[in-house]
Amino acid sequence: MTQPVNPDHEALNTLRLLGPAPDNWVPDRAGVDHNVLIVGGGQTGAAFAFALRRAGIGRVSVIDAARDASKAGVWLTRARMNKLRTPKTLAGPETGLPGLSFQAWYEARFGNESYADIDRIPRARWAEYLAWYREFLGVEIRYGTRLTRIEPAGGWFRVHLEVSDGLKVQQVVETARKVILANGVAGNGGPYIPDVLKDLPAAFYAHTASEIDFAALRGKSVAVLGGAASAFDAAATALEAGAGEVHLFVRRATLPSVPVTRARAYPGAYDNYFQLPDAIRWAQARRFRRSGSTPPVDAVERVTNFPNFHLHLGAPWSEARIANGAIEARVAGERLSFDFAIAGTGYFIDPAARPELADFAQHIRLWRDQYVPPADEADDYLGAHPYLGAALEYLEKSAANAASAPYLRDIHVYNPAGFVSFGLPVGDVPSMRRDIPAVVQRISRDLFLADLDAHVARMNGEVRADFEASLYANRVWQRDRADVA
């Protein structure tokens, strides 16, 4: 009789060969609850928790504002693509352990041929894999826990948390030595709402960051502003939900179709991007901004298959108001009417806009503080990005005033605010292989050196001998002194 095969056999064998995780080597400090607080329980929060465990760093806590695992991250909430936008072969949260990879997980369940047949990873399968990864590795996440303030407190942080059990909300203060902001696209700013929509009643528009009730748009006329992937995904979701018609408005005269970042997606540029001079990193970011964010081919095909989809190029909105219970918009000289508008317009970067960063946002070094580009290369959006250190840590605004906020180096920014510094939307799959190990290594170094005296004492401590001299005494060569004489 054939024994059933455990689909997790390869993953279990990987952990067996890897051996047990090291014991926590970080000395406890009175008054400190967590060595590391990870803010965000999505794909990167779980990956950081596992990587820190394997580095022997204990007392790590992961929090997420979502009420449960189904609402954490983006894959079952705000993400609306059918497939991930990145190649299926990219390394992800497995941190160099093939048995924990998406490919190993997928092939164990659906077969090697099925994996070979998919061109990119289906979004729903990725969500299933992440749930397995979290559960298989025993990564605990404290759901219903929102970070509201990071308060520097002399050597560590007082982290103010809003904890909800679904019935009541409690305000809790805990302490942490290190904080990782793995909190998604809005982690250093927020959804960008165009001025033309801001004065409309909230019931008439939404940003793609919102959980939109697409079923309520059935039979309605919907406008989508934006030309990047999220705009196309929202338009497709509305069409698939039965919207009467969907119009997508792009400011550019043509859709961006050249993925310029692909030119630097080789190991030399990827691994060493942080080492590039500021002028080159700035020029690369500007090149991307000029070219525009490219929607995937399947995202465009997904909407163009609908006869009630209409694409407007070179069509920025100049005015919008409510008239007769609908949005009346002026677009490139035309007046058009819609029941609902969706802003697929991306996110703004401004640490000062985040309440949890308010205590020190004025001390964070931004790119505009660090680098002055030529006049024709100026870009306020890029200049607002934080200028991060080698381990994605905040730096102080002024080197001359370096003692004003030394604690900033203990906050690691693992979200897309690292784009100008690191050349990728940090937090997405492509950034994991490079940046998670860099952050974990720095945290390990900092925690070790901060308690150096304790570690020196430990390294100089007594060690019991493995064996006594009697083990080898009868085989020690003895020269006969009489023979020598």
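Close amide H pairs (under 5 Å, H built 1.01 Å from N) link Arg149 with His160, residues at least 5 positions away or on another chain.
Here are some pairs, Lys71/Lys178; Lys88/Lys168; Lys83/Lys168; which of them have Cα atoms lying more than 31 Å apart in this structure?
Check vs 31 Å cut-off fails for Lys88/Lys168; Lys83/Lys168.
Amide hydrogen proximity for Phe348: with H placed 1.01 Å from N in the peptide plane, the residues at 5 or more positions away or on another chain lying under 5 Å are Gly190, Tyr192. How many angstrom separate the Cα center of region 207-238 from the Cα center of region 47-73? Spelled out, the Cα-based centre of one part sits 31 Å from the other.
Shape analysis of region 3-138 based on the Cα gyration tensor places the equivalent ellipsoid semi-axes at 28, 20, 11 Å, largest first.
For region 408-485, run through the chymotrypsin sites (Phe, Trp or Tyr not before Pro) and keep only the ones in DSSP coil with at most 16 other Cβ atoms within 10 Å of their Cβ.
Phe467, Tyr472, Trp477
Summing charges over neighbours of Ala203, with a neighbour being any other residue whose Cβ is under 15 Å away from its Cβ, gives -1 when K and R count +1 and D and E count -1. Could you pull out the GluC sites (Glu not before Pro) across region 139-197 that fall in loop regions by DSSP (anything but H, G, I, E, B) with no more than 16 other Cβ atoms inside 10 Å? Listed in order of number, the matching sites are Glu140. Which residues among region 361-380 fall inside the zone where the amide N is under 15 Å from a point 7 Å beyond the Cα of Arg289, along Cα→Cβ? What the label zone holds, given the 15 Å backbone N cut-off, is 366-380.
Each DSSP beta bridge with both residues in the chain is either parallel or antiparallel, and the antiparallel ones are about 55%. By the count of other C-beta atoms within 10 Å, a proxy for reagent exposure, His312, His412 are ordered fewest to most as His312, His412.
Exposure proxy ranking for Thr261, Thr304, based on other Cβ atoms within 10 angstrom of each Cβ and starting from the fewest, stands as Thr304, Thr261. Exposure proxy for Thr89, Thr145, Thr77: other Cβ atoms within 10 Å of each Cβ, ordered fewest to most, give Thr89, Thr77, Thr145.
Residue-wise HN-Hα couplings along region 172-186, as the Karplus relation 6.51 cos²θ - 1.76 cosθ + 1.60 with θ = phi - 60° gives them from phi, are 10, 10, 10, 10, 8, 8, 9, 10, 10, 8, 9, 10, x, 4, 9 Hz; Gly and Pro carry x.
Taking a straight Cα-Cα cut-off under 26 Å and skipping sequence neighbours fewer than 8 places away in the same chain, the lysines within cross-link reach of Lys220 are Lys198. Note on Glu468 and Asp271: with the Förster distance fixed at 60 Å, the Cβ-Cβ geometry gives a FRET efficiency of about 0.75.
Here the calculated FRET efficiency for Asn324 and Ala353, from their Cβ-Cβ distance with R0 = 45 Å, stands at 0.80, rounded to the nearest 0.05. For the chain, adding -39500 (n - 2.57) for each run of n ≥ 4 DSSP H residues and dividing by the number of residues yields -8000 deg cm²/dmol at 222 nm. Sequence-ordered 3J(HN,Hα) estimates for region 378-384 from the Karplus curve with 6.51, -1.76 and 1.60 and θ = phi - 60° stand at 5, 7, 4, 5, 5, x, 7 Hz, glycine and proline given as x.
Go through (1) 177; (2) 263; (3) 148 and flag the label whose value is the computed volume of the Cα convex hull per residue in Å³ for this structure. It is the one labelled (2). Taking a ≥ b ≥ c as the square roots of the eigenvalues of the Cα gyration tensor, an a/c ratio of 1.5 or more together with a/b no larger than b/c marks region 258-323 as oblate. Pairs of Cα atoms nearer than 8 Å and 6+ residues apart set the relative contact order; for the chain it is 17 percent.
Viscosity 0.692 mPa s, temperature 37 °C: give me the Stokes-Einstein translational D for region 56-130 in µm²/s, with Rh taken as the Kirkwood radius over C-alpha pairs.
The Stokes-Einstein estimate is 234 µm²/s.
Quick one: net charge of Asp233's neighbours, Cβ under 13 Å, K/R +1, D/E -1? Walk me through the numbers before you get to the answer.
Values: positive: Arg78, Arg80, Lys83, Arg85, Arg123, Arg302; negative: Glu240, Asp298, Glu301.
With Lys, Arg at +1 and Asp, Glu at -1, the net is +3.
Within the shell of other residues whose beta carbon sits under 10 angstrom from the beta carbon of Arg109, the net charge comes to -2, with Lys and Arg scored +1 and Asp and Glu -1. Backbone geometry of region 312-322 corresponds, through the Karplus equation with coefficients 6.51, -1.76 and 1.60 at θ = phi - 60°, to 3J(HN,Hα) couplings of 10, 9, x, 9, x, 6, 10, 7, 8, 8, 8 Hz, x marking Gly and Pro. Multiplying the residue separation of Ala253 and Gln170 by 0.36 nm and subtracting their alpha-carbon distance yields 24.8 nm. Could you state the number of Å between the C-alpha centres of region 320-350 and region 101-158? Region 101-158 and region 320-350 have Cα centres separated by 36 Å. The simple Förster model, with R0 at 56 Å and r as the Cβ-Cβ distance, assigns Ala116 and Trp477 a FRET efficiency of 0.30.
Just so you know, all these numbers are worked out from the coordinates, no wet-lab data involved. The model shown is predicted, which means the values in this text are computed figures rather than measured ones. Cβ coordinates were reconstructed from backbone atoms using ideal geometry, including for glycine residues, and neighbour counts include every protein chain displayed.
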